Amino acid sequence: NAGVMQNPRHLVRRRGQEARLRCSPMKGHSHVYWYRQLPEEGLKFMVYLQKENIIDESGMPKERFSAEFPKEGPSILRIQQVVRGDSAAYFCASSPPSFTDTQYFGPGTRLTVL
Amino acid sequence: KNEVEQSPQNLTAQEGEFITINCSYSVGISALHWLQQHPGGGIVSLFMLSSGKKKHGRLIATINIQEKHSSLHITASHPRDSAVYICAAPFFGNEKLTFGTGTRLTIIP
């Protein structure tokens, strides 16, 4: 059973470009969480999704950021018109339908904005 | 306010020493997670516990729900244990994790 997969592992974008980060949850997991770790800072929640639904996006910046988790395929975190301040490590985690189960983390995508 | 606090922030120890990292939280939670982040940046889930104690190899995690406190212990520490250890909790009614600031552990051979 493969773990949570994220790609790409490293992504370099120039200011103004779009960044798309993908997260494939573990098999059987229908809940996905995105977290961001800015340089020298702790992890912060961004968004929580279930299949085709955004449950909690209270941690998402109001502009330029969006997330989806379609019925088929990976969850996508999309950042439009990236700025240098978006440079960070983005982690996703997945969990099965039971709320009390642990979240399994992916290896992260390190985004660098030039 | 939902908060998770860890101590110490940094810990350096000699190989073989017994290590304790502490985590306290402000309000009720359903479970507490201990995570390990290696120098390369990847995150590994070590434990999720809602009561009592769990053990995996040289790692032991305990939680006291009444005191809102958890500890992570490492026995016979080894340089490969050097990493940042993070506790995190979903507060009641909220699945998202709130993270502590992490404890940077360095084990010297």
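The values are calculated or read from the model by the stated rules, or taken from the named source; none is laboratory data. Just so we're clear, the structure is a prediction, and the values are computed from it rather than from any experiment. Quick reminder, even Gly has a Cβ in these numbers, built from the backbone with ideal geometry, and neighbours come from all protein chains shown. The accessibility values were calculated without ligands, DNA or RNA, using every heavy atom of the protein model including side chains. Shrake-Rupley method; radii C 1.70, N 1.55, O 1.52, S 1.80 Å.
Structural remarks
- Only one residue of A:A89, A:N7, A:F65 has its Cα farthest out toward the positive end of the dipole of the protein assembly as shown, where Lys and Arg carry +1 and Asp and Glu -1 on Cβ, and that residue is A:N7.
- Taken over the stretch A:25-104, the alpha-carbon convex hull comes to 98 cubic angstrom per residue.
- Between B:H69 and A:Q50, the C-beta separation translates, for a Förster distance of 30 Å, into a calculated FRET efficiency of about 0.40.
- Efficiency of FRET between A:H10 and A:S58 - r from beta-carbon atoms, R0 30 angstrom, step 0.05: 0.60
- Distance (nanometres) between label positions extended 7 Å along Cα→Cβ at B:K55 and A:R84: 5.2
- A convex hull fitted around the alpha carbon atoms of the stretch B:25-77 yields 93 Å³ per residue.
- Protein heavy-atom accessible area occluded, B/A pair - total, 1.4 Å probe, Å²: 1600
- Checked against a 23 Å cut-off, the cross-linked pairs A:K27/A:K71; A:K51/B:K68; A:K51/B:K96; A:K51/B:K55; A:K62/B:K68; A:K27/B:K53 give Cα-Cα distances beyond that limit for A:K51/B:K68; A:K51/B:K55; A:K62/B:K68; A:K27/B:K53.
- Rolling a 1.4 Å probe over the heavy atoms of the protein chains gives chain A an accessible area of 52 Å² per residue.
- Mean separation of Cα pairs under 8 Å and 6 or more residues apart, divided by the residue count, gives chain B a relative contact order of 37 percent.
- A:T102 accessible area, 1.4 Å probe, all protein chains in place, Å² to nearest 10: 20
- Unit charges on C-beta of K, R, D, E only; dipole of chain B, Debye: 200
- Surface accessible to a 1.4 Å probe, per residue, for the residues of chain B, Å²: 47
- Treating each Cα of chain B as one equal point scatterer and applying the Debye formula with no solvent, the log10 of I(q)/I(0) at q = 0.13, 0.20, 0.21, 0.24 Å⁻¹ comes out as -0.43, -1.00, -1.09, -1.38.
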